[in-house]
Amino acid sequence: ELPGFYYDSEKNRYFRLLPGHNNYNPLTKESIQYKAMECKRLRLLEEEEKQKKKTTRAGLNSSMLLQKRQLGLLSSTSYCRLVHELKVNCMQRRKIEIHSPDSSVAGTNNFKIIVADVACERIFTVNDVEHGGCKYGIINLSGLGKESLTVEMYDNLYFTNRKVNSVCWASLTHPDSHLCLMGIAETPGCASLLPASLFSSTNPGDRPGMLCSFKISTAWSCAWCLNPQADNCFSTGLTRRVLVTNVVTGHRQTFGTSSDVLAQQFATQTPMLYNGCRSGEIFSIDVRQRNRKGQSWKAIRLFHDSAVTSIRLLEAEHYLMAADMAGKIKLWDLRAAKCVKQYKGHHNEYAILPLHINEEEGLLTAVGQDCYTRIWSLQDAHLLRTIPSPHPSSKDAIPSVVFSSRLGGSRGVPGLLMAVKQDLYHFSYN
């Protein structure tokens, strides 16, 4: 890089950055970088459209893999990874039609967050609205069949004034019956627990009200506890503290921290809460203990070099996946407090972006700040595919994704759901 110059790769030479009218110059490093990224995105999209072959690599097909496996030329690990790579690279993008009982609702607001319930029958959506704040809705995935790609969206128009930072499904009366919302109303933050039945096509007069709502300092993250020893509890990650609330009794526990808590997840086998902080620290709390002054309540402690934006426990709960604002994704062995794998290629500088793990298929999915969706093999950290966004990359167009082996319930279709701008896409995985 030369000060005052920029390099044009097409013409293979340097040009001087000249000031324009009123000292305004449309040629900045950011605009040149954006133009290069946009050219790359369009080129990748064009390649995907032209791609008629089943794979992106020569010699990678199912019959060849099976033959090599039967001859003993491939280990089980290599075979699994290559099969996943084959299936991931066969995924084709198709747009989903969104229907709504209220015709003015569907396709009018940009998707910000989508979160699937445990059974992947519904996804909760947070949409940005033009006049500020967010609109919430639930999309029913039951219509996501092999023949048709249509979904039903139900909106609740009562809660449109809060910016949502974090959301999770909560199992209070039955699995995934409620939703925890963390956001900023005005200056103080707000934590709310809403019944999922608010978002339905039934008579508005029969709808239940909000279960609990309270003002707090700025909320960054939330998590619901499924362990019976800390039943009906949800946690809120705040500025320099963690708040654990029992929604039935109203009892609250506060744990002070030295940094903002940006990511949280409860373990299911033990009543442990894992927290990821802006300082890069990851620590666990046993929520059964009482917080006493002068007593350390942190159990496991791990450290990243940058702010931790997402943490995910693997099924056996011996391993924890964490992503940070330096774009690093690490797999930690909790028993040895040691990093055992790194997943390279993720891009992040300042955004709070989630990780999505599908252990059944052995895949890790993450969307980067550059708006590319990347899929890795969970076992050997191999990058299987990089999917460009259908829309030009920008801060307000970072896709939100859900990956499942059964979208729409137990007999649903496997694949990746991608919400970007006002559109919803399905990438079939079979």
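The values are calculated or read from the model by the stated rules, or taken from the named source; none is laboratory data. All of these numbers come straight from a predicted model, not from anything done at the bench. Neighbour counts run over all protein chains shown; Cβ positions are idealised from the backbone, glycine included. What goes into the accessible areas is simple: the full protein's heavy atoms, side chains included, and nothing from ligands, DNA or RNA. Shrake-Rupley method; radii C 1.70, N 1.55, O 1.52, S 1.80 Å.
Points to keep in mind about this one:
- Along the chain, counting only GluC sites (Glu not before Pro) with a DSSP assignment other than H, G, I, E or B and at most 16 other Cβ atoms inside a 10 Å radius, the longest segment between sites is 187-314.
- Rolling a 1.4 angstrom probe over the protein heavy atoms with all chains in place gives the chain an accessible area of 50 Å² per residue.
- Percent of C-alpha pairs per 10 Å bin in region 212-313, short distances first: 16, 53, 29, 2.
- Cα-based reach from K395 at 19 Å (exclusive), listing aspartates and glutamates while leaving out same-chain residues under 8 positions away: E30, E38, D128, E130, D324, E349, D370, D423
- Every Cα-Cα pair in the chain was counted, and those over 43 Å apart are 16% of them.
- With R₀ fixed at 45 Å, the C-beta to C-beta distance from R252 to K395 puts the FRET efficiency at about 0.85.
- Using θ = phi - 60° in the Karplus curve 6.51 cos²θ - 1.76 cosθ + 1.60, the 3J(HN,Hα) couplings for region 382-393 round to 7, 6, 8, 7, 10, 9, x, 6, x, 10, x, 6 Hz; x is entered for Gly and Pro.
- Between S171 and E10, the contour length at 0.36 nm per residue exceeds the alpha carbon distance by 52.4 nm.
- Of the solvent-accessible surface of the chain, computed with a 1.4 Å probe and all protein chains present, 50% belongs to carbon and sulfur.
- Exceedance of the 31 Å cut-off in Cα-Cα distance is limited, within the set K68/K338; K163/K328; K163/K341, to K68/K338; K163/K341.
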